[in-house]
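A short write-up of the structure that comes next.
The values are calculated or read from the model by the stated rules, or taken from the named source; none is laboratory data. The shown structure was predicted, so the numbers you read here are calculated from the model rather than taken from an experiment. Every residue, glycine among them, receives a Cβ derived from its backbone with ideal geometry; neighbour counts consider all protein chains shown.
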Amino acid sequence: MKQKNTINRFRFKTQILSSVHNLKQEKPETKTTKVIMSDDLKPRFIESLKRNNDQIREDRAKVIGEDSELIYRRRVEDIELKIKRLEREQEGLIDISPLDKNSLTFADFQPEAFVQKDMELSLTIRNLNIQFEVTKKRFEYLFGKKY
């Protein structure tokens, strides 16, 4: 009986020691979003040197394409914004308000300046509309995406 207790105690101690040893080896779970350096380190520099021409070209093409698409899209948006602002300005020229609600006299209206400014804005808007349509179609052609 004494020998049986000794064996049981020995088994119990070994179980405890092995579970403590396993606890020390286990890594606690941590929540990480993006890990740049991971546990399994890879020699990034050497890997980049081993890349072949196709991989290098593909990476460069991807970067150049993304940059070009973003810049092209911004240019198209800038043209669209200019058109909207000029149209608002042109509509503002039409608003010839009297000095007050009871007055029939208009505030310093100059017909020559009005006609000149309206014609300039009309031509600028027309040119920008043409430019907008051309660049929009070209964007869709180059990048295969609808603007």
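The condition of being within 30 Å of ALA113 (Cβ to Cβ) and in a helix (DSSP H, G or I) holds for only one of LYS62, LYS82, that being LYS82. Against the criterion of being closer than 30 Å to GLU133 by Cα, of a type outside the set (Phe, Trp, Tyr) and modelled with pLDDT of 80 or more, LEU41 does not qualify.
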